[in-house]
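Worksheet: one structure, shown below.
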Protein chains: 2
Amino acid sequence: MIFVITTYDWVPPFAVGYVRDLRIRWACEEAGLPYEIETTSVRDKTPQHFARQPFGQVPILRDGQLTLFESGAILLYLGERSEALMPREAAARAETQQWLVAALNSLEPVVMAMALARIFDQDARAEELALPRLQERLAQLVPVLKGRDFIAAGRFTIADILLADVLRIVDSMGELAAHPVLADYMNRITARPAFRRAHAAQVAHFAQAA
Amino acid sequence: MIFVITTYDWVPPFAVGYVRDLRIRWACEEAGLPYEIETTSVRDKTPQHFARQPFGQVPILRDGQLTLFESGAILLYLGERSEALMPREAAARAETQQWLVAALNSLEPVVMAMALARIFDQDARAEELALPRLQERLAQLVPVLKGRDFIAAGRFTIADILLADVLRIVDSMGELAAHPVLADYMNRITARPAFRRAHAAQVAHFAQAA
């Protein structure tokens, strides 16, 4: 069974290495799950794309007859297929899902608010509102990650994929250096060979597309 | 086994009926899972609270030795414990998780950006940036929910709890009426007796606390 991951055919240079298909490539690399890539137009989003993904986003995963979107949901799905991604034991599994959801719902929204303000809207007032909210969340994560190698269950999980990838966005905006505990965690998790392979593959994909 | 749900001891009047413990009460009511309520101070958040919930939020669920936060993660956990909340079949289960995550990561952030702008920050520029993003997402949901009774798997699931509860926030800001398909869905889902019981219980809790 080969998973098929749909991503865009092109993105602007600043987005290369940050498109959410990276999270799915990374999970597949960690678990040794084979996958191939299909593309959909980002500049002319098609009715077929919206029919599969109502928000016109990527990634989309196809597994036989099943089509799934939302990187967080795809990670939960792959996590159930490979113990390399999510433990089987109930409490460890619940803790993994807790931190996956925390990254999606309590951290990523404040990170994206900051990215929208600074990069997309370039709006000083919006940035002034977003920055303290981002800094508060980052500060709250520091005691959690201090002395902890992984965010959940004492081992690598899909929660690390999501949390480290969201922290990469923070780092790209220059806001992570003030929190060495978080920067160390991100650097440690993204030093994994599976991340390196996934990242290189995404960069190569968009270089070819350019 | 009795679940223990932690919520705040008090919230301002506009938040009554919207505190996230509602989602967990609702799931327990749907599944016939007994629960009791404990409170933690919202005005003087304690070190004990932050030790259990790094962001100082509620709800927190206790199930024996296990403590869990993030309403989305708690719903996933309860979903695994009751088929009334999440189907067992793999594809239906994946679709349920997909829409739960979509509500958490693609809808709730644009809704909360609007709520922050209009209610908390009362900032005209922030609202001007947030409103079109909210309206775009709502418009994208309309074709999905047209002619569909439930958001996922052809039946009631935890994805409906999350999606309908996020749409309630939109409705409270007066922005849902322009989308009758979404308003009908929200009204239908929140007409369920389990929602009514959960909502009444939260309102009674904060009335007593006032």
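The values are calculated or read from the model by the stated rules, or taken from the named source; none is laboratory data. Predicted, not measured: the structure shown is a model, and the values here were computed from it. All Cβ positions, even for glycine, are placed from backbone atoms using ideal geometry, and neighbour counts span all protein chains on display. Side chains included, ligands, DNA and RNA excluded: accessible areas come from the protein's heavy atoms. Shrake-Rupley method; radii C 1.70, N 1.55, O 1.52, S 1.80 Å.
What do you reckon, is residue B:120 at pLDDT 95 or above and aromatic (Phe, Trp, Tyr)? So residue B:120 does not fit the description; no. Give the residues of segment A:144-171 that are outside any helix (DSSP H, G or I), of a type in the set (Val, Ile, Thr) and within 12 Å of chain B (Cβ to nearest Cβ), sorted by residue number. A:151 - this is the single residue of segment A:144-171 that is outside any helix (DSSP H, G or I), of a type in the set (Val, Ile, Thr) and within 12 Å of chain B (Cβ to nearest Cβ). When segment A:158-198 is filtered for residues that are more than 20 Å from residue A:100 (Cα to Cα) and not hydrophobic (A, V, I, L, M, F, W, C), the ones remaining, listed by number, are A:172, A:174, A:175, A:179, A:180, A:193, A:196, A:197. All of (1) free of Cβ contacts under 8 Å to residues at least 40 places away in the same chain; (2) touching a helix residue (DSSP H, G or I) at 6+ places or on another chain (Cβ under 7 Å) hold for residue B:184 with one exception: (2). Checked against the criterion of being assigned to a loop (DSSP other than H, G, I, E, B), acidic (Asp, Glu) and open to solvent by 20 Å² or more (accessible area, probe 1.4 Å), segment A:184-195 has no qualifying residue. Applying the selection to segment B:78-97, what residues are crowded, with 24+ Cβ neighbours inside 10 Å and facing chain A (nearest Cβ under 8 Å)? Correct list: B:97 only. Screening residue B:108 on (1) surrounded by 19 or more Cβ atoms within 10 Å (Cβ to Cβ); (2) more than 17 Å from residue A:69 (Cβ to Cβ) shows it passes everything except condition (2). How about segment B:9-30: which of its residues are closer than 20 Å to residue B:162 by Cβ and not in a loop (DSSP other than H, G, I, E, B)? Within segment B:9-30, B:15, B:21, B:22, B:23, B:24, B:25, B:26, B:27, B:28, B:29, B:30 qualify.
Please determine whether any residue of segment A:173-186 is β-branched (Val, Ile, Thr) and either over 15 Å from the mean Cα position of the chain (by Cα) or under 21 Å from residue A:110 (Cα atoms) (or both).
Yes: segment A:173-186 contains one or more residues that are β-branched (Val, Ile, Thr) and either over 15 Å from the mean Cα position of the chain (by Cα) or under 21 Å from residue A:110 (Cα atoms) (or both).
For segment A:127-143, a tally of residues being open to solvent by 20 Å² or more (accessible area, probe 1.4 Å) and facing another protein chain (nearest Cβ under 8 Å) returns 4.
Can residue A:149 be described as within 20 Å of residue A:199 (Cα to Cα), without any contact (Cβ under 8 Å) to a residue 60 or more places away in the chain and open to solvent by 50 Å² or more (accessible area, probe 1.4 Å)? Full working, then the answer.
Numbers: within 20 Å of residue A:199 (Cα to Cα): no; without any contact (Cβ under 8 Å) to a residue 60 or more places away in the chain: yes; open to solvent by 50 Å² or more (accessible area, probe 1.4 Å): yes.
So residue A:149 fails the test.
Number of residues in segment A:59-74 that are within 9 Å of chain B (Cβ to nearest Cβ) and in contact (Cβ under 8 Å) with a residue 40 or more places away in the chain equals 4. Specify the residue that is farthest from residue A:153 (Cα to Cα); the eligible residues are those in segment B:51-68 that are under 21 Å from the mean Cα position of the chain (by Cα) and either open to solvent by 40 Å² or more (accessible area, probe 1.4 Å) or of a type in the set (Phe, Trp, Tyr) (or both). Here the residue is B:57. Taking the listed residues A:86, A:1, the one that is in a loop (DSSP other than H, G, I, E, B), modelled with pLDDT under 95 and farther than 27 Å from residue A:133 by Cβ is A:1, with no other qualifying. Applying the condition of being in a loop (DSSP other than H, G, I, E, B) and not β-branched (Val, Ile, Thr) to segment A:31-50 and asking which residue is most open to solvent (accessible area, probe 1.4 Å) yields A:43. Among the residues of segment A:111-126, those that are surrounded by fewer than 17 Cβ atoms within 10 Å (Cβ to Cβ) and farther than 20 Å from residue A:18 by Cβ comprise A:124, A:125.
The condition (being within 22 Å of residue B:172 (Cβ to Cβ) and polar (S, T, N, Q)) is satisfied by just one residue among B:46, B:7: B:7.
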